[in-house]
Amino acid sequence: MRASTTAVLAVAGVVLLIAAGIVAVFTLGGSGARPPGHSAAAATEAVSSGAPSAAAAAATATATASSPVARPAASHHDPFGSAAASYVSRRNGVVLAAVYDLRTGQTWQFGRGQPQDEASVVKLDVLETLLAERGRSGTELSASDRTLAAQMIEDSDNDAATSLWDAVGGASGIRSFNTSAGLGDTVPSSCVNCPGFPWPGWGLSTTVPADQLTLLRALVEPNSLLTNTERSYALSLMENVTPDQRWGVTGGVPDQATVALKNGWLPLDSANNDWQINSVGWISGSGRDYLIAVLTTGNPTEQYGIDSIDQLAAMVWNGMA
């Protein structure tokens, strides 16, 4: 009888341990906490795509769903949807966008087109390259580095960006970091003082939204390129962007949500009627936790491009609920 009782108790103990483990997995799996504590893990992703709606003659949306074991949250529907496709189809220029859901591991891409000029969003790449290079050498950012980084990200200061572009080795330094980070379709500009172009040439670096999501993920998910301290530092600068530059991916986002962003705007001709307007960032709050990158070119005015991104971003915020 004693042996039988012992066996029963042992089985019951195993059952309790298994149940506790299941509870722990589902408790820890969807934290959504602010980085560097963000627990989203890298997962093998399977790609599935659907046909675009009739209104989206030039727009597509591709969903990438990760393993349900790695990310227990339920799959989310496409946050762009037919309304976004219909809206963009009535706008001038070309709009490319992508969203990554940190809760589910899904990625959606919107629009078709060639890589676009980065304008000032390249400053995020410069910042991450700077942090990675200093980290590899075992040296902390100097006081000058920090001053320039704050001016470059918070105020979008071009002179500060040029100084740090040079400090990281220019195009070759950026290219080396991008290779390590896994950016496949971003090309740093070969000139800073480009003939016939009055603005800093690093703004003519080209990219695609998916690569911008990769850069953003390097800030909100643990990785081998940047330490937790470096990631938190970069995000703190992006969260403190000067108020008059808090447009774009902030469209439709309430004030209580956390937003870390970098915008870019660049006239591509001397007549100022062909604008490159871009916005990338991390949005977290009200049950949402996602990265978004929007590139727009062929805008007749600066404000026109800003309005396009504002509206698209608001649709994404609503669609991510």
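Restricting to segment 82-123, what's the tally of residues that are more than 18 Å from LEU213 (Cβ to Cβ) and of a type in the set (Val, Ile, Thr)?
The number of residues fulfilling the criteria is 2.
Every residue in segment 100-117 that is closer than 18 Å to ALA313 by Cβ and in a strand (DSSP E or B), please.
TYR100, ASP101, THR107, TRP108, GLN109, PHE110, GLN116
Filter segment 142-163 for residues that are of a type in the set (A, V, I, L, M, F, W, C), out of contact with any strand residue (DSSP E or B) (no Cβ under 9 Å at 6 or more places or on another chain) and either within 21 Å of TRP199 (Cβ to Cβ) or in contact (Cβ under 8 Å) with a residue 12 or more places away in the chain (or both) and give the result.
Our first condition is that a residue be of a type in the set (A, V, I, L, M, F, W, C); within segment 142-163, this holds for 143, 148-150, 152-153, 160-161.
Subsequent filtering for residues that are out of contact with any strand residue (DSSP E or B) (no Cβ under 9 Å at 6 or more places or on another chain) retains 143, 148-150, 152, 160-161.
Within segment 142-163, LEU148, ALA149, ALA150, MET152, ALA160, ALA161 qualify.
Going residue by residue through segment 194-210, is there one that turns out to be in a helix (DSSP H, G or I), under 15 Å from the mean Cα position of the chain (by Cα) and in contact (Cβ under 8 Å) with a residue 24 or more places away in the chain? Before you say what the answer is, go through the steps one by one.
Keep residues of segment 194-210 that are in a helix (DSSP H, G or I), which gives 201-204, 209-210.
This time we only want the ones that are under 15 Å from the mean Cα position of the chain (by Cα), so: 209-210.
Next, only the ones that are in contact (Cβ under 8 Å) with a residue 24 or more places away in the chain stay: 209-210.
Yes, there is a match, as at least one residue in segment 194-210 is in a helix (DSSP H, G or I), under 15 Å from the mean Cα position of the chain (by Cα) and in contact (Cβ under 8 Å) with a residue 24 or more places away in the chain.
What do you reckon, is ALA271 of a type in the set (A, V, I, L, M, F, W, C) and either open to solvent by less than 60 Å² (accessible area, probe 1.4 Å) or closer than 19 Å to ASP101 by Cα (or both)?
Details: of a type in the set (A, V, I, L, M, F, W, C): yes; either open to solvent by less than 60 Å² (accessible area, probe 1.4 Å) or closer than 19 Å to ASP101 by Cα (or both): no.
Considered against the rule, which asks whether it is of a type in the set (A, V, I, L, M, F, W, C) and either open to solvent by less than 60 Å² (accessible area, probe 1.4 Å) or closer than 19 Å to ASP101 by Cα (or both), ALA271 comes out as no.
May I ask you to say which residue of LEU235, LEU226, LEU295 is touching a residue at least 60 places away in the same chain (Cβ under 8 Å), in a loop (DSSP other than H, G, I, E, B) and closer than 25 Å to LEU130 by Cβ?
Working: LEU235 fails: in a loop (DSSP other than H, G, I, E, B); LEU295 fails: in a loop (DSSP other than H, G, I, E, B).
Result: LEU226 is the single residue among LEU235, LEU226, LEU295 that is touching a residue at least 60 places away in the same chain (Cβ under 8 Å), in a loop (DSSP other than H, G, I, E, B) and closer than 25 Å to LEU130 by Cβ.
Of the conditions (1) more than 19 Å from LEU102 (Cβ to Cβ); (2) open to solvent by 50 Å² or more (accessible area, probe 1.4 Å); (3) among the charged types (D, E, K, R), GLU239 satisfies every one except a single condition; which number is it?
(1)
Can you pull out the residues in segment 164-191 that are in a loop (DSSP other than H, G, I, E, B) and either in contact (Cβ under 8 Å) with a residue 60 or more places away in the chain or crowded, with 18+ Cβ neighbours inside 10 Å (or both)? Give the steps one after another, and end with the answer.
First, the residues of segment 164-191 that are in a loop (DSSP other than H, G, I, E, B): 168-169, 182-186, 188-191.
Within segment 164-191, VAL168, LEU183, ASP185, THR186, PRO188, SER189 meet the criteria.
The values are calculated or read from the model by the stated rules, or taken from the named source; none is laboratory data. Since the model is a prediction, treat every value here as computed from it, not as a measurement. Cβ sites come from the backbone with ideal geometry, for glycine too, and all protein chains shown count toward neighbours. Remember, those area values only see protein heavy atoms, side chains included, never the ligands or the DNA or RNA. Shrake-Rupley method; radii C 1.70, N 1.55, O 1.52, S 1.80 Å.
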